[in-house]
1. To the nearest 20 Debye, how big is the dipole of region 121-254 about its Cα centre, given +1 on the beta carbon of each Lys and Arg and -1 on that of each Asp and Glu?
2. What list of ³J(HN,Hα) values in whole Hz, one per residue of region 222-232 in order, does the Karplus curve 6.51 cos²θ - 1.76 cosθ + 1.60 (θ = phi - 60°) give from phi, with Gly and Pro shown as x?
3. If you average the sequence gap of Cα pairs under 8 Å that are 6 or more apart and divide by the length of the chain, what percent do you get for the contact order?
4. Would you work out the charge dipole size for the chain about its Cα centre, treating the Cβ of every Lys and Arg as +1 and the Cβ of every Asp and Glu as -1, and quote it to the nearest 20 debye?
5. Would you calculate the separation in nanometres between label points at residue 468 and residue 226, each defined as 7 Å from the Cα along the Cα-to-beta-carbon direction?
6. Within 10 Å, count the other beta carbons around each residue, average over each peptide in 260-268, 360-368, and list them highest first.
7. Hey, what angle do you get for helix 28-40 against the long axis of the chain, alpha-carbon based, 0 to 90 degrees rounded to 10?
8. If you place +1 on the Cβ of every Lys and Arg, -1 on the Cβ of every Asp and Glu, and leave all else neutral, what size is the dipole of region 222-340 about its Cα centre, to the nearest 20 Debye?
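All of the numbers you see were taken from the coordinates with simple rules; none came from a lab. A quick note: this is a predicted structure, and the numbers were derived from the prediction, not measured. As a convention, Cβ positions derive from the backbone with ideal geometry for all residues, glycine included, and neighbour counts pool all protein chains shown.
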Amino acid sequence: MRICYLFILFLLVSPLAAQVSVPDWYNAGHEAHIDSLLSIMTLEEKVGQMTLFTSDWDVTGPTIRKGYEADIKSARLGAIFNAHTADYTRKLQKIAVEETRLKIPLLFGYDVVHGHRTIFPIPLAEAGSFNPDAAEESARIAAREAAAAGLHWTFAPMVDLVRDPRWGRVMEGAGEDVYLGEVMAAARVRGFQGKDLNDPFTVLACVKHFAAYGAAQAGRDYHTVDISERVLHDIYLPPFKAALDAGAATFMTSFNEVDGVPATANKHLLTKILREAWGFMGFVVTDYTSINELVPHGVAEDEAAAGQLSVKAGVDMDMQGAVYYNHLRKQVEDGAVAMRQVDEAVRRILRMKYALGLFDDPYRYNDAARERENILTAEHREAARRIGRESIILLKNEMQTLPLRKDLKRIAVIGQLADSQVDMMGAWKADGQAKDVITLLTGIREAVGKSTRIDYVNVPAIKGSDRTGFDDALKAARAADAVILTLGETWEMSGEAASRTDIGLPGVQDLLVAELTATGKPVIAVLFNGRPLAIPELAEKATAILEAWYPGTEAGHAVADLLFGDHAPSARVPMTFPRSVGQVPLFYAAKNTGRPLNPNDKYTSKYLDESNEALYPFGFGLTYTTFSYGNPTIDKKSITANDRVTISIPVTNTGQRAGTEIVQLYVQDVVGSVTRPLRELKAFERVLIDAGQTQVVTFTLTSDDLAFHRQDMTYGTEAGTYRVFVGGSSQADRVVEFSLK
Ligand code: NOJ
């Protein structure tokens, strides 16, 4: 009674207090089955359920174990990752359900991050669509294909907030913004898991990497994270909470430490926040060998001690490290780890196997005919093309060079990425296959009329320092009406273990840009890359720039659709493009400081050798028309707690063709008990407006939208003045104010 009272009191007063709701996949009937299963399982069988090994089909980490089939047979292994196809997973499943005592089905996981076989744009690109429906749809298709290929579980979405483009993994997330991150995290979970996990076209989501992995010092992968509790709660955790509220079934720990405690041994994160404050009922898996890594982290003497720390912190499943496999049984027998703790972990894991319907039919994901019918369908490709073009940002368009006419006499297409299938998929391509990919060269050839001559010159300028192909490129450019120059990074230059200190164009691409732009021909740069690049020279010299990221299987079609005006660009910058790597981290929701920039005062916050400005700010992006904003109106000048305020703004398409504008609303809390960001995105809307037409866009804010962790770390609002900015980027300049009483 007392404990219960204390817990309720904790929820009421704790800074971590939150509403706890029971997820759709929780089923009281299953719990009774789990109880009876637990009562007959041996300790070794229980530890088996807590063990996850990779197959040798794909390499996504530093180690591979041989002999996983024998481990399945001896019930020492409950889950496998990196194995797929309906047939192969059936073969392994058969061992589990026909050759073990309790016939507990295996769970199959894989990194289906942006598509399984039909590859969609990288998640960072998709975030730039500012279209959660698109993210949900691509996740739904990814789940459909993955499930058809025998998979039950994807290690996605990656919801790490990212503010340092040196970190290679920025490509996997939704960029720098808390609100956009929340919206995209929830959309992807809904997409993967659908409405009902028992539907065999859905997979379990795994929200990763819990937590704050994106704050690695100096953008170096796996590096130390040292952030305040306030930043953790206000900036890094909200997308995780949004994913959980959307019903996410599993969470993955991160490699990094948080306040001196590695996430994989972090009871504060895994138990206090995730389970007690947020009420998470699914299971927690480690990242790849991250229990073992507690030893080099320096918080455990050996792997046995590491395992003990992890299980006590709240880690249910050990990915690939074999630490639970090797040590947990003995630790329970010796009384060092409570059986109750093991039972809880196994319960959470079995809960998901029940939710997926695997106890009813362990082969329900193993139908080779269904696999053939559902993989890389025309519909999936069409969706990849549509979402691909919605994720591509027009950064520059001097003299309305784009869209290009389809009847130009000669177009020079230059650069190695123009005809590289594998690069278009980016990292984490799951079962994506290069042979399925439409390159830009193909897309252009299909788009133009018969009379247009395409001269392609493959210039391998990304790696190395020689100028192979430069002369031919110049010759082709001089003879052309337009030059389409592909630039960027090869696919493996971003993703895991792909941090870079120089985030300019690698290799001799800058030289190529200089020479080609000096011809005086219109040079349209198409960028393929996994992170915002510092490209001030390109921004200056190119006539037009399309940031295409890695668009996926339908890359060439998606880019060509925009180049030739069959569709207009609509995406926006999801993560600030700095002018120079020295400005990093650079993000719009920064604080004012006590000495905000004053160019005429030396003793203000600035650099001697670079401006404070972004090259392309968050939320920025052009299209083939222009928009103007009228005066915003607000229905109330002041609100009280639990009240709402409505802001309306007329947006006019001032150009010649219909276009999509992403109307964005930012809020500044002018004075707080702690310093507050200069502005924070709180709402946005994609609106399609016909040429010459005006549309009034209306947003509603509630007092909840203004909440944050106050000085005493309680979560809530503060009375005061709030400034609202509305416009087409984070530099929105239409302002209204209201106060919260
Ligand atoms: C390590 C990565 O950090 C994680 O994101 C991924 O899911 C696992 N490897 C499994 O491949």
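1. I would put it at about 220 debye.
2. Values, residue by residue: 6, 6, 4, 10, 9, 10, 6, 4, 5, 5, 4 Hz.
3. For the chain, the relative contact order is 13 percent.
4. In total the dipole reaches around 740 debye.
5. Label-label distance for residue 468 and residue 226, simple model: 4.5 nm.
6. By packing density, highest mean first, the sequence is 260-268, 360-368.
7. In the chain, helix 28-40 runs at an angle near 50 degrees to the longest axis.
8. 400
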